[in-house]
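Reading through the structure tokens given below for one structure.
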Amino acid sequence: MEGDEVIGAPKHPDWLQMVCVKEGEVPHMIAYISTRLSHYRPTMRHDIVDHRDILVLSLFSGGEVLNLMNVYSDNQHTAIEHLAACVHSLPPFIYMAGDFNCVSTTWDDYDHGKSVTAISLWDTASQIGLKWARPSNHGPTRISPNPNQRSNVLDLVFLAPSEILISMPRLEHDLQGLSDHVPICTDLSIGPEPPADSPLSLERPLSDHPT
């Protein structure tokens, strides 16, 4: 094939790309927001969490702020520990998901033993109003290329308890492609579409937790 090498993340006119690039850092997170959600004023919220492994997105609907979080936690559990350290300053969320690199008997089908990191992640999710949502077709999300190694559940979705049965995640094996991770799809209800000319307010909602 001829032509220039493709460098960077893909772009498409129907999708808004959100990524934070800081000097001296390589971003680990990116979000694609459909332009159909533009009336919800999708906004990255560095005022809530400012970390290259955590992306917080807010949608604004009828005076309500809907917070979503995408997380990549490395094998040193950097993002999980960061969230645990700042959880008391976080507002409520409707969604948190990502590659947490954290094995646990809670979401895996075999015994890993007690995991302090998994307990910390569970507590953090609980304090921002979320619980782990077991996919309808639950199974490993990171598929080992080595047939002699066990595949694990590393990618997780956390939702509000009232939404878990309504918005049960599902593993999309047909969309995996060459990746060793299985994509997870979750349908979320975000309320009525606000008017196109509705004002944007970045006033941070009060947390239910003491600071």
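The values are calculated or read from the model by the stated rules, or taken from the named source; none is laboratory data. Model, not experiment: these values are computed from the prediction. Every residue, glycine among them, receives a Cβ derived from its backbone with ideal geometry; neighbour counts consider all protein chains shown.
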Original post:
What about Ser136, is it surrounded by fewer than 18 Cβ atoms within 10 Å (Cβ to Cβ), out of contact with any helix residue (DSSP H, G or I) (no Cβ under 8 Å at 6 or more places or on another chain) and under 16 Å from Ile184 (Cβ atoms)?
Top reply: yes
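Just checking, how many residues over region 1-51 are part of a loop (DSSP other than H, G, I, E, B) and of a type outside the set (A, V, I, L, M)?
22
Rundown of residues vs (1) surrounded by 11 or more Cβ atoms within 10 Å (Cβ to Cβ); (2) aromatic (Phe, Trp, Tyr); (3) modelled with pLDDT of 85 or more, yes/no style:
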{"position": "Leu165", "(1), (2), (3)": "no, no, no"}
{"position": "Asp174", "(1), (2), (3)": "no, no, yes"}
{"position": "Pro183", "(1), (2), (3)": "yes, no, yes"}
{"position": "Asp187", "(1), (2), (3)": "no, no, yes"}
{"position": "Pro192", "(1), (2), (3)": "no, no, no"}
Subject >> Selected residue (criterion: nearest to Val26 (Cα to Cα)) from residues of region 53-107 that are surrounded by fewer than 19 Cβ atoms within 10 Å (Cβ to Cβ) and of a type in the set (Asp, Glu) >> reply: Asp74
**OP:** Pairs only if they're at least six apart or on different chains, beta carbon under 9 angstrom, first in region 78-94 and charged (D, E, K, R), second assigned to a helix (DSSP H, G or I); list them, first residue then second.
**Re:** Glu81/Thr117; Glu81/Ser120
Subject >> Scope region 168-189; condition more than 15 Å from Arg134 (Cα to Cα) and in a strand (DSSP E or B); matching residues >> reply: His181
Subject >> Among residues of region 46-75, those that are at pLDDT below 95 and aromatic (Phe, Trp, Tyr), counted >> reply: 1
Original post:
Does region 34-52 include one or more residues that are farther than 20 Å from Phe93 by Cα, crowded, with 16+ Cβ neighbours inside 10 Å and either touching a strand residue (DSSP E or B) at 6+ places or on another chain (Cβ under 8 Å) or not charged (D, E, K, R) (or both)?
Top reply: no
Subject >> Among (1) touching a helix residue (DSSP H, G or I) at 6+ places or on another chain (Cβ under 9 Å); (2) of a type outside the set (Asp, Glu); (3) in a helix (DSSP H, G or I), the one test that Val71 misses >> reply: (3)
**OP:** Give the residues of region 126-150 that are in contact with a strand residue (DSSP E or B) (Cβ under 7 Å, 6 or more places away or on another chain) and free of Cβ contacts under 8 Å to residues at least 12 places away in the same chain, sorted by residue number.
**Re:** none
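I need the full set of residues from region 140-161 which are over 17 Å from Val103 (Cβ atoms) and surrounded by 11 or more Cβ atoms within 10 Å (Cβ to Cβ), in order please.
Leu159, Ala160, Pro161
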